[in-house]
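Written out below as structure tokens is the structure these notes cover.
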Amino acid sequence: MGFSIAKDILPDLIITDKYFTNLDAMGFLIKRRTVSSIKNIPVFLIGEFSPNEILEYKKHNVAAFISAPIIPIALAERLYIFFNINPPEPANKTPMLLDIHARGRIIIVQIEGNFEPEKLELFNFLLRSFCKKRKIKSPKVFLIIPSLYPENITKDNIERLFRFINFKEFEIENLNIKILTSNKRVLDLINSNNQYNRYEKVKNYLEGLRTLQIDFDKKKSIRIDYLKEDCFYVFDLYDNNSKLIIPALTKVTPELIKELEQKNIAVLTYYSNFNIKEIAGNANESPDFSNNMDIIDKMIGDFEPIVTDPMYIEIWDDKHTLFFRKMKGKKVIIISDQKKIITCIVNSLEIYFDILKEYDGSNIESLLENDDYIVIFLDANLTKPSAFEVLHIIRKHATRRKTTVIILSSSMNKLSAVRFKNLGTDNIIVPPFTQIKIMRKVFDSVTSDRKR
């Protein structure tokens, strides 16, 4: 379908995944070559690529390789540069604070400060990847929004917030999305949408938490003589005929127990996997049940934070954006005779830096005498001269504050690492090399060296 669309609209750029249904990227590129109208349209490929793959794909007019998962800001930067568009300066703004915890299929999300489009996308990614890992098809989502600055409370950002409801693998009932907020602008935008206005707006934290804990597939019972006077219970209690007997958060009095005994009701039922002690609270200690922290602590005690492998996804913030913009036109040297490594680094950094490739370090002294270089990638396996000798020459001409040296090594023993450090760098990167990993290493290494 994407191939047909490209033929119809003749885009200026095609962005596609390395793998998609029925056709891989190479198959797409070969097929594209047979259609004269689109054969010269440049392509951005998304995925992870070995140096050999990069070399092969570049023969087919692939203009860029985007690591997966996509960093939205980094992709935008690449598009600005590719189309020669002046990018907007990052605005000074209150950051968005995002906290996500889960218990079973219940996911609690708290957002404060601001709505940032890229972090709203990150929230959806974390939710989706967590559910996929746990094989959750119908998550229950509790959105808590205590306070937000108004500038980014927009229709577009509300739609980004609820993007997860459109994931094709999810089957989410409206009653399984709860919203707790007093922000009028947020509520107005939610209520004006025919889909979002079906979600329940709860009055307090406990109400949202307890209603999501109800599970009609989990039936538990409590004997009447186990009911405690002056207590309340988080869930509705029913008789054997599914008739509501004691509504949730109702204080149990001696008169109520006596009335149940007179009606010959011996057992009550509730629907949850909590045991009876976990759902009972002392009404005398907390007349405002909605703020009963003892009950809340019991109910959230088993929630775990949703996190992701930091090597799998990086949050690309304004610091990174400004850093690489400032690097535009600065010079980098790669000293290595390994074409695969050179190709991978060049592909990752060429939109920002002017890159010089040297296959050995014999010419390094004259290069440093005639120009300044912000980063030098140095292959640890060099001989004649060795990497140690080349690093020694570099440090005679440039301090760490001026020139960052990153050692490329397939393996690194402790003795070599100490020797490199003594000669002027402890920045080391090892395979596998990816765009995210290389860019992150450049950012971290240059930032750290400039503080010396």
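Every number in this text was worked out from the coordinates using simple rules, so none of it is lab data. Predicted model, so just to flag it, every value in this text is computed and none were measured. Every residue, glycine among them, receives a Cβ derived from its backbone with ideal geometry; neighbour counts consider all protein chains shown.
Asp337 sits among other residues whose Cβ lies under 13 Å from its own Cβ, and their net charge, with Lys and Arg +1 and Asp and Glu -1, is +1. Compute the angle between helix 72-82 and the longest alpha-carbon principal axis of the chain, please, reported from 0 to 90 degrees and rounded to the nearest 10. Helix 72-82 and the main axis of the chain meet at about 30 degrees.
The angle separating the long axis of helix 339-349 from the principal Cα axis of greatest extent in the chain is about 60 degrees. The structure-derived value of Cα extents along the principal axes in Å appears in the list (i) 64, 57, 48; (ii) 72, 63, 53; (iii) 100, 58, 38 under the label (iii).
Summing charges over neighbours of Asp17, with a neighbour being any other residue whose Cβ is under 12 Å away from its Cβ, gives -1 when K and R count +1 and D and E count -1.
Along the range 95-107 the Karplus relation, 6.51 cos²θ - 1.76 cosθ + 1.60 evaluated at θ = phi - 60°, assigns HN-Hα couplings of x, 8, 9, 10, 10, 10, 10, 9, 9, x, 9, 8, 10 Hz to successive residues, with x for each Gly and Pro. When Lys396, Lys340 are arranged by Cβ crowding within 10 Å, least crowded first, meaning fewest neighbours, the order is Lys396, Lys340. Please report the antiparallel percentage of the DSSP beta bridges confined to the chain, to the nearest 5. Of those bridges, close to 35 percent are antiparallel. Counting only the backbone N, which residues of the range 363-395 are under 19 Å from the spot 7 Å out from the Cα of Asn422 toward its beta-carbon? Under cut-off, by backbone N: 380-381, 386-395.
Determine the alpha carbon to alpha carbon distance for each of Lys133/Lys319; Lys133/Lys243; Lys18/Lys340 and list only those over 27 Å.
Working: Lys133/Lys319 31 Å; Lys133/Lys243 38 Å; Lys18/Lys340 19 Å.
Check vs 27 Å cut-off fails for Lys133/Lys319; Lys133/Lys243.
Pairs with C-alpha atoms separated by more than 30 Å, drawn from the list Lys414/Lys451; Lys220/Lys251; Lys58/Lys441; Lys39/Lys331, are Lys39/Lys331. The Asn61 and Thr154 beta-carbon pair, evaluated with R₀ = 30 Å, returns a calculated FRET efficiency of approximately 0.20.
Selection among Val252, Ile334, Thr404 by position relative to the dipole of the chain gives Ile334 as farthest towards the positive end (Cβ unit charges, Cα centre).
Overall form of the range 230-290: oblate. Here a/c, set by the Cα gyration tensor axes a ≥ b ≥ c, is 1.5 or more, and a/b is not larger than b/c. Seen against the Cα atoms of the chain and their longest principal axis, helix 414-423 is set at about 60 degrees.
With loop membership from DSSP and a limit of 16 other Cβ atoms within 10 Å, the longest segment of the chain without chymotrypsin sites (Phe, Trp or Tyr not before Pro) is 360-452. One decimal place: the segment Asn40-Asp371 gains 115.5 nm when fully extended, by the rule 0.36 nm per residue minus the C-alpha distance. In whole Å, what is the distance between the alpha-carbon centres of the range 99-114 and the range 25-50? What the calculation gives is 40 Å, centre to centre. Annotation: amide H of Thr250 within the under-5 Å range of Tyr233, sequence separation 5 or more or interchain, hydrogens built in the peptide plane.
Label-to-label distance for Asp354 and Glu173 is 6.5 nm, based on points extended 7 Å past Cα in the beta-carbon direction.
222 nm [θ] for the chain, helices only, -39500 (n - 2.57) per DSSP H run of 4+, per residue, to 500?
Helix-only estimate at 222 nm: -10500 deg cm²/dmol.
In this structure the amide hydrogen of Asn427, modeled in the peptide plane, comes within under 5 Å of the amide hydrogens of Ile407, none closer than 5 places in sequence on its chain. Across the range 318-450, Cα pairs under 8 Å and at least six residues apart give a relative contact order of 25 percent. Here's how it looks for Ser386: its modeled amide H is under 5 Å from none belonging to a residue 5 or more places away or on a different chain. Taking all Cα pairs closer than 8 Å and separated by 6 or more residues, the relative contact order of the chain comes to 11 percent.
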